[in-house]
1. What's the local net charge at Leu137, with K and R +1, D and E -1, over the other residues with C-beta under 12 Å away?
2. Using a 7 Å offset from the Cα along the Cα-to-Cβ direction at both Ala45 and Leu73, what is the distance between the two label points in nm, to one decimal?
3. Could you state, as a whole-number percent, how many of the C-alpha pairs of region 122-273 are farther apart than 22 Å?
4. Report the net charge of residues surrounding Pro14, where surrounding means a beta-carbon distance below 14 angstrom and charges are Lys +1, Arg +1, Asp -1, Glu -1.
5. Over the alpha carbons of region 183-314, what is the largest minus smallest coordinate on each principal axis, giving the biggest first in Å?
6. Using only Cα atoms, tell me the angle between helix 174-208 and the longest principal axis of the chain; keep it within 0 to 90° and round to the nearest 10.
7. Hey, what's the Kirkwood Rh for region 77-164 if you take every pair of different alpha carbons, in angstrom?
8. When N counts the residues of region 262-306, how does its alpha-carbon radius of gyration compare numerically with 2.2 N^0.38 Å, as a ratio?
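Computed from the coordinates by the stated procedures, all read-outs in this text should not be read as laboratory data. Since this is a predicted model, take the numbers as computed values, not measurements. Cβ: placed from backbone, ideal geometry, glycine included. Neighbour counts: every protein chain shown.
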Amino acid sequence: MGPLIARRFLATIPVLVLVTAGVFSLIHLTPGDPVETMMAESQDAQAKESLRRELGLDQPVTVQYTAWLARLLSGDLGRSIRNHEPVLENVGRRIRPSVQLALLAMLVSLLVAFPLGILSASRRNSAVDRFGTLFALFGICMPNFLLALLLIFCFGVSLRWLPISGYVDPAEDLAGGIRSLTMPAITLGLALAAVITRTLRSSLIEVLSEDYIRTARAKGLVDQLVMRRHALKSGLIPVVTLLGLQFGTLIGGAVITEYVFALPGVGRLVVDAVFARDYPLVQGVILLIALGFILSNLVVDIIYGWLDPRIRYG
């Protein structure tokens, strides 16, 4: 596994360079001026020009990118234009709710998708399989914001079981934190569970038609043992791929859910930074999200090697 991990780490270098160049170019092509946004009420052109020079925004884009890369190599992601705090401090305050929400949503999706996907594959064309198909169709078609509003109306307004907005850190108050994250996690987890259910079902159906599965059954093994010992491990590879990609998406892409439930996550942070034209903050957040994607894919590659020895030794 060592050479495999080393190759994956080396492959991340050009990816990160391309990501930084792409994000830097796109954010500077976005209409608007951060100085005008910060000093919208001021008519002093000289003060605006002085601030622009202080922030380095009067330099060509290539010079700004080179200077930002030089600071990045020393571990400095810059300072936010809005509050003048280091980017890492801004992200550090917001990353915990997003990671906690992503982990809880992933747990919800696995608790729903694994039993349903396994039963659908082992009992094809049965009532369970039809229910799994309807659930997957519902989860894929239902917009996140609509599901969030339905959950708020049902469990927050009508039954008053859960808070409709706000965030409590589970590290400080475990029960309160779980209650504040339950509805956002269900909102994200059900959509992911629908995709995992269909992926797991299709993968297991393909594995169950293999010759070695028929041989195991011919030897007298019951279906539960065949599924647990032989089929499930081979059928998990596409599911692991999906989970690795979705984990990064859940951390940085749950913008609508975070806005609906008023969660102080990374998604809201980057959207607010884009509207404020806070270039260093947007660049830093996107870079950290891209790094999260790369690390999650590295974990996926390691799990591949555990699930399939041919990948590990190949």
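1. +2
2. 3.9
3. Taking all Cα-Cα pairs of region 122-273, the fraction more than 22 Å apart is 55 percent.
4. Residues close to Pro14 contribute a combined charge of +2.
5. Cα extents, longest axis first: 66, 36, 16 Å.
6. 50
7. 16.6
8. 1.52
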